[in-house]
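Below you'll find the structure, written out as structure tokens, and then a few comments.
The values are calculated or read from the model by the stated rules, or taken from the named source; none is laboratory data. Being a predicted model, the structure only gives us computed values, none of them experimental. Every residue, glycine among them, receives a Cβ derived from its backbone with ideal geometry; neighbour counts consider all protein chains shown. The protein model used for the area step is the full one, side chains on, heavy atoms only, and it has no ligands, DNA or RNA in it. Shrake-Rupley method; radii C 1.70, N 1.55, O 1.52, S 1.80 Å.
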Amino acid sequence: IAQWSYNPNAVDGPQNWKEDCSTGKRQSPIDIETAKTVMDKELGTFTLVNYNKTLNKTFRATNNGHALEMGFPGRAYNVSGGGLNGVYTTVQFHFHWGANNTVGSEHIVNGKEYAAELHFVSFNTKYANLGEAVDKPDGLAVLGLLIEVGEHNNSAFSFLEVANKLVEPFSIVNDVPAFTFEHLLPDDKTKFFRYNGSLTTPTCLESVTWTVFNDHVFISQYQMNLLRRLKKNGTLAEFGNYRPVQPLNNRIVKSSFP
Ligand code: BO1
Ligand code: ZN
């Protein structure tokens, strides 16, 4: 795949991304205008299998050149319910962030940007693997949550210390001890927005059923700064690693709550 970056002024920047990024009609991220969302009480609640457990496994942390990504061994964590059609198995989560606390989230709400965004990426188990699922309209489910900077270190995010070993692009730490995900997500998982969208990076495939939780999660300034040190050419924080919002077109954003 061709080179791409988040530098707005570069030939490989977001305005010039190719493939579905330039032609698609269900692109992500979006500005969630809450006054235009439509409540759907059928969305129901999520079933998150093993998100509350510390499994006897290790995770793989990488600076993949675009983000900090934490990868998981096969099929240990599952997501269903919440209006999703079928069972999705979680393969990784990763972060998007900005150069300062006023920017960095991909989704924005009523025009407001947040400091960072975490994406739990799962694929539909009706497909054999992520590669099969990634270009199907119902292939992926991403759970997204907006992160703000608060006063205290958030102990659920202690694993972010691994960023010290991921400063150089394409670094990998293979033996991150497993930790639980339940406190990475907001306490109230019943309030969320739902729409059909895409990967937010090239190739921007239109395969994602998006969930963005209404409640936010807080990490400390110190924890935020750990992310900002990751490099590609210069730091990833220089231009951030968040895609600008995309046209909604004829889509409807649902909400699970009034
Ligand atoms: S995101 O959640 O929309 N930001 C997003 C963006 C890109 C991917 C996933 C989620 N890409 C996929 C790639 C695969 C890769 C996989 C796991 O991520 O298409 O090739 O293996 O990292
Ligand atoms: Zn993402």
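What nm distance separates the two modelled labels at Asn56 and Glu42, each placed 7 Å from Cα along Cα→Cβ?
Between Asn56 and Glu42, the simple spin-label model gives 4.3 nm.
What three numbers, in Å, describe the spread of the alpha carbons of the stretch 132-240 along their principal axes, ordered from the longest?
Its Cα atoms span 37, 34, 29 Å along the three principal axes.
Within the set of other residues whose C-beta is less than 14 Å from the C-beta of Gly83, count the net charge using Lys and Arg as +1 and Asp and Glu as -1.
+2
Show me 84-91, 191-198, 230-237 ranked by packing, highest mean number of other Cβ atoms within 10 Å first.
Highest to lowest by the protection proxy: 191-198, 84-91, 230-237.
Given H placed on each backbone N at 1.01 Å, which residues far from Thr125 in sequence or on other chains put an amide H within less than 5 Å of it?
Val87, Tyr88, Thr89
Which whole-Hz couplings ³J(HN,Hα) result when phi for each residue of the stretch 37-48 is put into the Karplus expression 6.51 cos²θ - 1.76 cosθ + 1.60, θ = phi - 60°, listed in order with x for Gly and Pro?
3J(HN,Hα) across the stretch 37-48, in whole Hz: 6, 10, 5, 10, 6, 7, 4, x, 10, 7, 10, 10.
For the chain, what log10 I(q)/I(0) values come out of the Debye formula at q = 0.14, 0.15 1/Å, with one point per alpha carbon and no solvent?
Computed log10 I(q)/I(0) values: -0.95, -1.12.
Would you report the distance distribution of C-alpha pairs in the stretch 1-88 as whole percents per 5 angstrom bin, up to the bin with the largest distance?
3, 9, 11, 13, 16, 16, 17, 13, 3, 0
For the chain, with all protein chains present and a 1.4 Å probe, just round the carbon and sulfur fraction of the accessible area to a whole percent.
That fraction is 50 percent.
What are the equivalent ellipsoid semi-axes of the stretch 16-67, built from the alpha-carbon gyration tensor (square roots of five times its eigenvalues), in whole angstrom, biggest first?
They are 30, 26, 10 Å, listed from largest to smallest.
With both bridge residues required to lie in the stretch 86-235, what share of the DSSP beta bridges run antiparallel, to the nearest 5%?
Antiparallel bridges: around 75 percent, rounded to the nearest 5.
Give the cross-link partners of Lys41 among the lysines, using a straight C-alpha distance below 18 Å as the criterion and excluding same-chain residues fewer than 8 apart.
Lys189, Lys191, Lys254
Please work out the C-alpha center-to-center distance from the stretch 160-198 to the stretch 201-250 and express it in whole Å.
12 Å
Restricted to Cα positions, what overall size does the stretch 186-258 have along the principal axes? Three whole-Å values, descending.
Sorted largest first, the three principal extents are 40, 32, 16 Å.
Kindly provide the helix-only [θ] at 222 nm of the chain, computed as the sum of -39,500 (n - 2.57) over DSSP H runs of four or more divided by all residues, to the nearest 500 deg cm²/dmol?
Rounded to the nearest 500, the figure is -1500 deg cm²/dmol.
Rounded to the nearest 5, what % of DSSP beta bridges with both residues in the chain are antiparallel?
80 percent
Using each residue's phi in the stretch 114-127, evaluate 6.51 cos²θ - 1.76 cosθ + 1.60 at θ = phi - 60° and report the 3J(HN,Hα) Karplus result to the nearest Hz, with x for Gly and Pro.
10, 6, 7, 9, 10, 10, 8, 9, 10, 10, 5, 6, 6, 9
State the Cα centre-to-centre distance between the stretch 1-38 and the stretch 73-134 in whole Å.
Rounded to whole Å, the Cα centres lie 16 Å apart.
Between Ser28 and residues 5 or more places away or on another chain, which pairs have amide H atoms under 5 Å apart, with H built 1.01 Å from N, and which residues are they?
When sequence neighbours closer than 5 places are left aside, the close amide H contacts are Ser198.
Where does each of 125-135, 110-120 land if you order them by average Cβ count within 10 Å, highest first?
In decreasing order of mean packing, 125-135, 110-120 become 110-120, 125-135.
For the stretch 57-145, what mean projected area does the convex hull of the alpha carbons give, in nm²?
Directional mean of the projected Cα hull area for the stretch 57-145 stands at 7.0 nm².
For the chain, calculate the relative contact order in percent as a whole number, restricting contacts to Cα pairs under 8 Å that are 6 or more residues apart.
Reported as a whole number, the value is 28 percent.
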